[in-house]
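As structure tokens, the structure follows; a few thoughts come after it.
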Protein chains: 2
Amino acid sequence: MYKINENYQKLPGSYLFSTIAKKVAAYTEANPDKDIIRLGIGDVTQPLAPAVIAAMHKAVDEMADAATFRGYAPDLGYEFLRNAIASCDYQSRGCDISPDEIFVSDGAKSDSANIQEIFAQDNRIAVCDPVYPVYVDSNVMSGRTGTYDAASETWSDVIYMPCTMENGFVPEFPKETPDIIYLCLPNNPTGTTITKPQLQEWVDYANKVGAVIIYDGAYEAYISEENVAHSIYECEGARTCAIELKSFSKNAGFTGVRLGYTVVPKDLKCGGASLHGMWARRHGTKFNGAPYIVQRAGEATYSPEGKAQLKEQVAYYMKNASAIKSGLQEAGYTVFGGVNAPYIWLKTPDKMTSWEFFDYLLEQANVVGTPGSGFGPSGEGYFRLTAFGSYENTKKALERIRKL
Amino acid sequence: MYKINENYQKLPGSYLFSTIAKKVAAYTEANPDKDIIRLGIGDVTQPLAPAVIAAMHKAVDEMADAATFRGYAPDLGYEFLRNAIASCDYQSRGCDISPDEIFVSDGAKSDSANIQEIFAQDNRIAVCDPVYPVYVDSNVMSGRTGTYDAASETWSDVIYMPCTMENGFVPEFPKETPDIIYLCLPNNPTGTTITKPQLQEWVDYANKVGAVIIYDGAYEAYISEENVAHSIYECEGARTCAIELKSFSKNAGFTGVRLGYTVVPKDLKCGGASLHGMWARRHGTKFNGAPYIVQRAGEATYSPEGKAQLKEQVAYYMKNASAIKSGLQEAGYTVFGGVNAPYIWLKTPDKMTSWEFFDYLLEQANVVGTPGSGFGPSGEGYFRLTAFGSYENTKKALERIRKL
């Protein structure tokens, strides 16, 4: 008789955003007349940039003609895209990353969930708390997290690095030495980040203790301050300790297009084993490339027109972020983030729990946000709003919140 | 110090098709004037059907307008696609499969590699030999296959079910009882299949011994004989023992478009655990949906025009299959497959090994095929040619082979 992977049974509840979707669906069904504004899940609302649309139409046409039809993509992704990434995201910033260190994928969510597979079962992971839930959940599924304590909402074998008001949302080196350190900077959900010298300290620490950093740079395009690194490879020594994940979802609105990439430098070695070789093997065995049309869409984001259009799109969302931040402050809320990230992180009022505030906001203002506790125990008492709505809806949501 | 997943180090060589690609690239570089014909990797060559192209253009335009823009897809895939699949691929054949038992993905390769994750580490897998290498390789990576014996090219903990000339390529129930049985029917690489009563025996066997069948139906569209099942759910009792994987790569030429789906019936339970619930959890946590544009492309394959156009495309490739089969037979080769599948499986001449014949064909005829031994030890002494080339190239390749 076959047996199941029992680690799945350890997972409490369902995936955070599935739970929210279900709650909202139930509320909408019970209240079909209500106008719900969604500032919860980090999904974008602006249409794709004209340069991207044009590239996709062209690629679709190529698929209609045997002479230009494309079947299976090269294992790492098309060169035209990897060259554009290497040049624009790395070499132009002085980062020594070559096209053949870049692995094109169907998005950073898949990569951030899959990357743990190339590490041993008994590695100890460290995560910022709160953080994007996929890092911990994917490790739970592979049996790397020990037992779950429902009272503290923590896993026995996970090292949590609290990021709260008290430490200015800057993770501190943990007491126990981790093997794998997940850093999402600018951080989801807090919308905060750390300076380049602070990131350099993490790189030095990882190299010293023999840890690998999984660096999720999904929100890089939103960085507005000068002293913040756009890539971990801006730090000296990162090539021997860091893997970087990037997404096209937030800078280019590709949440429904699906494209991302992972950088595994060839200098990243564990004993004689090359992590680049291992990830290449995984990529070649368990994945078959992002669609040609989507890779052409990705390439278009690096064209001069594409860049200009995306800059406008990011500015549009950051205008929302700014409006949410100042609006909430005026309404008396304590608010963080929103400067280098499209997320606003607020302290819930009146000692409400995160989920209490979720229900309150949904029912009283018909606004959907994300409970901070869904991102880790230190997120309890906080709440995330995203800047990815339309400007009109964002303003409307704020008016409703002010009236509460 | 972090440690790697040592199971990766056990994998001999690289992924089969990566090795072939490298060999062909090396030959092409050394002989730039040669006209190589690729009948190796199972990649299609005909352009996408007009109905698919039209659907993709329309979907791209929707992404250009805020009113019709689509972000993150629903976890299981869009309803329009799941409804079309359930209706056309199942209910029309009398199979009791509902839309919410269908999980849309980026392709059957990913699904066939990922599905093992929901099972316990100590499950014993059984595979047809030869077969698509991803089943075994993904289990190697997760440590389920024991030790590798280089002499016999087998894993100590894998149950091999030889499919050769001697047993008419029909797998027999193994002596040891397996927990997970992979069946790819029509089979890749042999191009052979089994009858519906024979498949019913496998379903009965799995229900009796408590095994789960992972049924890969990637080549279903090529079935031409009456007594062959188009889905395992045509067999009684399959809802309690079988997961079915389907691809759009071969019936619709989506190798570069990337779309597939997996069916996990709600009746499939292990003790109290629902495999449907587990796969839903994996899908929601480690994947973020196939692109909207691609799901619309998939939907178009089920429209009346789409169906008619794909039927023509399949007929085109099957004409190639027929030409290869008869041409090789006339040239004195012993040949199998090509009736219910786009693959031709031939016995290598003069007791050549599979790789010897690969080199021979590449160098003497500039034709690329796939060595049978790459699909499992019982594939040694066989060779696979695919019908996915253009008709002109297929004819040219045959002329060259005949002249050898």
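The numbers here are math on the coordinates, done by the rules we state, and not lab data. Fair warning: this is a prediction, and the values are worked out from it, not measured in the lab. Cβ coordinates were reconstructed from backbone atoms using ideal geometry, including for glycine residues, and neighbour counts include every protein chain displayed.
In chain B, taking the dipole from charged Cβ atoms about the Cα centre, the farthest positive-side position among B:Phe357, B:Ala25, B:Thr394 is held by B:Ala25. In terms of Cα atoms, the Rg and Dmax of segment A:232-306 work out to 14.7, 45 Å. Full extension of the chain between A:Lys311 and A:Met165 gives 49.5 nm of extra length, using 0.36 nm per residue less the Cα-Cα distance.
Cβ-Cβ distance of A:Ser156 and A:Lys208, R₀ of 30 Å, FRET efficiency by 1/(1 + (r/R0)^6): the value works out to about 0.70.
Dipole magnitude for chain A: about 480 debye, using +1 per Lys or Arg Cβ and -1 per Asp or Glu Cβ, origin at the Cα centre. Footprinting exposure proxy ranking of B:Arg70, B:Arg144, B:Arg258, fewest other C-beta atoms within 10 angstrom first, gives B:Arg70, B:Arg144, B:Arg258.
Put a dot 7 Å past the Cα of A:Glu226, heading toward its Cβ, do the same for A:Lys3, and the two dots end up 6.1 nm apart.
Run the paramagnetic zone check for B:Ser98: 7 angstrom along Cα to Cβ, then residues of segment B:229-269 with backbone nitrogen under 11 Å. Only B:266-267 fall inside the zone, counting backbone N under 11 Å. Between the alpha-carbon centres of segment B:41-114 and segment B:276-325 there is a gap of 7 Å.
A Cβ-based charge dipole, computed about the Cα centre of segment A:255-343 with Lys and Arg at +1 and Asp and Glu at -1, lands at about 420 debye. Plainly put, the tip 7 Å out from Cα toward Cβ on A:Glu226 is 8.2 nm from that tip on each other copy, the closest given first. Based on C-alpha pairs under 8 angstrom that are at least 6 apart in sequence, segment A:53-303 has a relative contact order of 26 percent. Projecting 7 Å from Cα along the Cα-to-Cβ direction, the label point of A:Asp359 sits 7.2 nm from its equivalents in the other copies, listed shortest first. Note on the protein assembly as shown: dipole from Cβ charges, positive end direction compared against A:Ala242, B:Tyr90, B:Phe69; the farthest Cα belongs to B:Phe69. Sorted from nearest, the other copies put their B:Ser98 label points 5.5 nm away, the label point being 7 Å from Cα in the direction of Cβ. Round to the nearest 0.05 the FRET efficiency obtained for B:Gln329 and B:Asp35 when R0 = 22 Å and r is the Cβ-Cβ distance. Computed FRET efficiency for B:Gln329 and B:Asp35: 0.30.
Taking label points 7 Å from Cα along the Cα-to-Cβ direction, A:Asp267 and B:Thr19 give a separation of 3.3 nm.
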